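All remarks here apply to the structure that follows.
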Amino acid sequence: MTLTVRVISPDKTIWDDEAQEVILPSTTGQLGILSGHAPLLSALDAGVMRVRSSANQDWVAIALMGGFAEVEENEVTILVNAAERGDVIDLEEARSAYSEAQERLSQVQPDDRQAQIQANQAYKRARARFQAAGGMV
């Protein structure tokens, strides 16, 4: 039995296909979904979603920039602010953006809470893109 998986951002559908398994970056940790999963609604953090395709059993990495996932009757619907497949991300550009985000995060003043939040979000997004492109294991 397979899952129908859809990843939808405001401007396009990133994934709409059958899958054997999905691993999601929920706000409380990694969440694995197989066929027959109980109904679920979960908030997603910026991170890497992994989908094991039904067609060839390969894993596909997708960088998610936060959103929500709903699981019901072997259908997984993921609504995100933005997303990008790892196979279309330029690895060197992602590595550079990740390094810059790390540097900015390390330079934020501890008493500037707003700057800390913004730098941390930028860091999570850059890390997700870098991981999805294959830069980290």
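Given the criteria in contact (Cβ under 8 Å) with a residue 12 or more places away in the chain, open to solvent by less than 60 Å² (accessible area, probe 1.4 Å), outside the structural domain of residue 24 (by the TED database) and touching a strand residue (DSSP E or B) at 6+ places or on another chain (Cβ under 9 Å), does residue 128 qualify? So residue 128 passes the test. Among the residues making up region 16-30, those that are under 12 Å from the mean Cα position of the chain (by Cα) and within 18 Å of residue 86 (Cβ to Cβ) are 22, 23, 24, 25, 30.
On the basis of being touching a strand residue (DSSP E or B) at 6+ places or on another chain (Cβ under 7 Å), part of a strand (DSSP E or B) and either in the same structural domain as residue 125 (by the TED database) or in contact (Cβ under 8 Å) with a residue 40 or more places away in the chain (or both), does residue 41 make the cut? Against the criterion (touching a strand residue (DSSP E or B) at 6+ places or on another chain (Cβ under 7 Å), part of a strand (DSSP E or B) and either in the same structural domain as residue 125 (by the TED database) or in contact (Cβ under 8 Å) with a residue 40 or more places away in the chain (or both)), residue 41 does not qualify. Residues that are in contact with a helix residue (DSSP H, G or I) (Cβ under 8 Å, 6 or more places away or on another chain), open to solvent by 10 Å² or more (accessible area, probe 1.4 Å) and hydrophobic (A, V, I, L, M, F, W, C) occur in region 32-53; there is at least one.
Let's see how each residue does on (1) in contact with a Ser or Thr (Cβ under 6 Å, 6 or more places away or on another chain); (2) without any contact (Cβ under 8 Å) to a residue 40 or more places away in the chain:
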| position | (1), (2) |
| --- | --- |
| 3 | yes, no |
| 7 | no, no |
| 15 | no, no |
| 20 | yes, yes |
| 26 | yes, no |
| 36 | no, yes |
| 49 | no, no |
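Of everything in region 1-17 that's out of contact with any strand residue (DSSP E or B) (no Cβ under 6 Å at 6 or more places or on another chain) and assigned to a strand (DSSP E or B), which residue is nearest to residue 47 (Cα to Cα)? The extreme case among them is 13. All told, residue 81 meets the bar of being of a type outside the set (Gly, Ala, Ser), in contact (Cβ under 8 Å) with a residue 40 or more places away in the chain and open to solvent by 80 Å² or more (accessible area, probe 1.4 Å). Going through (1) under 17 Å from the mean Cα position of the chain (by Cα); (2) polar (S, T, N, Q); (3) closer than 19 Å to residue 133 by Cα one by one, residue 77 falls short only on (3).
The values are calculated or read from the model by the stated rules, or taken from the named source; none is laboratory data. Being a predicted model, the structure only gives us computed values, none of them experimental. Cβ atoms come from the backbone with ideal geometry, glycine included; neighbour counts cover every protein chain shown. When the accessible area is computed, the model is the full protein with side chains, heavy atoms only, and any ligands, DNA or RNA have been set aside. Shrake-Rupley method; radii C 1.70, N 1.55, O 1.52, S 1.80 Å.
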